[in-house]
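The values are calculated or read from the model by the stated rules, or taken from the named source; none is laboratory data. Quick caveat, the model's predicted, so the values are computed rather than measured. Quick reminder, even Gly has a Cβ in these numbers, built from the backbone with ideal geometry, and neighbours come from all protein chains shown. Surface areas here come from the heavy atoms of the whole protein model, side chains and all, with no ligands, DNA or RNA. Shrake-Rupley method; radii C 1.70, N 1.55, O 1.52, S 1.80 Å.
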Amino acid sequence: MRARYGIPLGITAAGAAGLVYAAGFEARSFRLRRVTVPVLPAGMRPLRVLQVSDIHLVSGQRKKQRWLRSLAGLRPDFVINTGDNLSDPEGVPEVLDALGPLMEFPGAYVFGSNDYYGPKLRNPARYLIEKAQGRHGLNGNNPAANVIHNPWEDLRDGFDGAGWRNLTNTRDTLKIEGVTIELTGLDDPHIKRDRYAEVAGGPSGTADFSMGVVHAPYLRVLDSFTADGYPLVLAGHTHGGQLCIPFYGALVTNCDLDTDRVKGLSTHTSEGRTSYLHVSAGCGTNRYTPVRIACPPEATLMTLVGRE
């Protein structure tokens with residue numbers, strides 16, 4: 001019996017141990033990514049930007065809430081929230097509580113699909129199938145049906161009440177110690193709510209610095225921001241691949257972005273222009289797939305400095 005069952009039992013035990021690690025440790029092993037981005041005009045003082053993304057909060061996730069609250073100790077110049085705050089229709093009060101200390105700083109936000117709709121149970125293999133077929137989100141798939149509608153209006157009202165700028169297919173500005181920062185945002189391209197024509201035209205030229213903000217880094221959006229001359233674009237959505245292969249990396253991005261740029265700082269080129277792109281791996285998971293492998297949850301503190 002040992003010879004017959006030893007190997008399958010060993011594989012089962014190893015798999016179970018891996019799941020315990022992925023769900024019990026790595027998915028709760030919150031990290032801070034630090035990166036320097038040379039995008040500011042020469043002579044402008046550095047700016048510290050904290051990006052939080054893909055919180056996917058489920059009621060009762062106390063460790064995640066404590067960690068988010070602790071980020072206020074970084075004292076950023078401003079905060080950018082790139083969406084998917086919710087994974088529970090009852091989670092709005094806890095999201096606002098967790099982000100409360102950060103909302104004391106200037107900030108702005110866009111929403112992702114999970115802010116609008118509750119998650120559905122999905123076979124993770126479908127992401128690989130859809131990638132092979134060139135289908136992502138509602139871009140080529142049928143519209144979502146029989147989904148839970150999250151109380152995103154309450155989340156919006158909480159952010160707006162704290163003074164954070166709502167960048168839903170619009171432009172706005174932040175003024176920080178005499179510096180004017182222009183922000184151009186889009187609603188989530190993953191569910192076809194982006195309306196770039198409403199914000200097209202590039203930086204106004206009246207601000208000291210301009211940047212683009214979006215939840216899902218679809219190529220059509222990155223092409224538009226870059227061609228219009230935005231030096232920096234921030235996005236989330238990908239979860240860094242979430243279930244990655246050690247020493248290899250991500251298998252999917254859940255959009256049409258290539259896996260080489262699934263998280264962190266990279267560049268994007270369109271119509272002869274190049275922008276920096278930062279994609280956050282986020283700090284949460286879909287509530288039905290609460291695991292991460294070789295991709296710890298994160299937030300990012302970016303230091304924007306003068307161009308070389």
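Do we have Gly43 as open to solvent by 60 Å² or more (accessible area, probe 1.4 Å) and part of a loop (DSSP other than H, G, I, E, B) here? Don't jump to the end; show me each part of the working.
Numbers: open to solvent by 60 Å² or more (accessible area, probe 1.4 Å): yes; part of a loop (DSSP other than H, G, I, E, B): yes.
It is true that Gly43 is open to solvent by 60 Å² or more (accessible area, probe 1.4 Å) and part of a loop (DSSP other than H, G, I, E, B).
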Next on the checklist: Tell me which helices (runs of 4 or more DSSP H) are completely within region 89-139 and hold 2 or more residues being within 21 Å of Leu257 (Cα to Cα) and not aromatic (Phe, Trp, Tyr), or say none if there are none.
Outcome noted: 113-116, 125-133
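Please verify whether region 238-251 includes one or more residues that are buried (at least 20 other Cβ atoms within 10 Å of the Cβ) and over 16 Å from the mean Cα position of the chain (by Cα). Break it down stepwise before answering.
Looking only at region 238-251, we keep the residues that are buried (at least 20 other Cβ atoms within 10 Å of the Cβ), and these are 238-242, 244, 250.
After this cut, where a residue has to be over 16 Å from the mean Cα position of the chain (by Cα) as well, the list is 244.
Among the residues of region 238-251, at least one is buried (at least 20 other Cβ atoms within 10 Å of the Cβ) and over 16 Å from the mean Cα position of the chain (by Cα), which makes the answer yes.
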Checklist entry - Out of region 90-114, which residues are among the small types (Gly, Ala, Ser) and open to solvent by 10 Å² or more (accessible area, probe 1.4 Å)? => result Gly100, Ser113
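Which members of region 203-217 meet the condition of being closer than 28 Å to Gly240 by Cα and either open to solvent by 60 Å² or more (accessible area, probe 1.4 Å) or assigned to a loop (DSSP other than H, G, I, E, B) (or both)? Write out each step before concluding.
Start the filter on region 203-217 by keeping residues that are closer than 28 Å to Gly240 by Cα, which leaves 209-217.
Passing the criteria: Val214, His215, Ala216, Pro217.
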Checklist outcome for this item: Over region 265-308, the set of residues touching a residue at least 60 places away in the same chain (Cβ under 8 Å), assigned to a strand (DSSP E or B) and under 16 Å from the mean Cα position of the chain (by Cα) is Leu265, Tyr276, Leu277, His278, Val279, Glu298, Ala299, Thr300, Leu301, Met302
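Output yes when any residue across region 218-227 is of a type in the set (S, T, N, Q), open to solvent by 10 Å² or more (accessible area, probe 1.4 Å) and at pLDDT 95 or above, and no when none is. Please lay out each step first, then the result.
The initial filter retains those residues of region 218-227 that are of a type in the set (S, T, N, Q), namely 224, 226.
Within this subset, residues satisfying the condition of being open to solvent by 10 Å² or more (accessible area, probe 1.4 Å) are 224.
With the extra rule that they be at pLDDT 95 or above, the set shrinks to 224.
Yes, there is a match, as at least one residue in region 218-227 is of a type in the set (S, T, N, Q), open to solvent by 10 Å² or more (accessible area, probe 1.4 Å) and at pLDDT 95 or above.
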Item to check | Those residues of region 33-59 which are modelled with pLDDT under 95 and at positive phi, in sequence order | outcome: Gly43
Checklist entry - Residues of region 56-89 being out of contact with any Leu (no Cβ under 8 Å at 6 or more places or on another chain) and crowded, with 22+ Cβ neighbours inside 10 Å, which ones? => result Gln61, Gly83, Asp84
Next on the checklist: Quick check on region 155-202: of everything there that is of a type in the set (A, V, I, L, M, F, W, C) and over 18 Å from Phe78 (Cα atoms), which residue is most open to solvent (accessible area, probe 1.4 Å)?
Outcome noted: Ala197
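Answer yes or no as to whether Asp256 is among the acidic types (Asp, Glu), open to solvent by 20 Å² or more (accessible area, probe 1.4 Å) and assigned to a loop (DSSP other than H, G, I, E, B).
Details: among the acidic types (Asp, Glu): yes; open to solvent by 20 Å² or more (accessible area, probe 1.4 Å): yes; assigned to a loop (DSSP other than H, G, I, E, B): yes.
Considered against the rule, which asks whether it is among the acidic types (Asp, Glu), open to solvent by 20 Å² or more (accessible area, probe 1.4 Å) and assigned to a loop (DSSP other than H, G, I, E, B), Asp256 comes out as yes.
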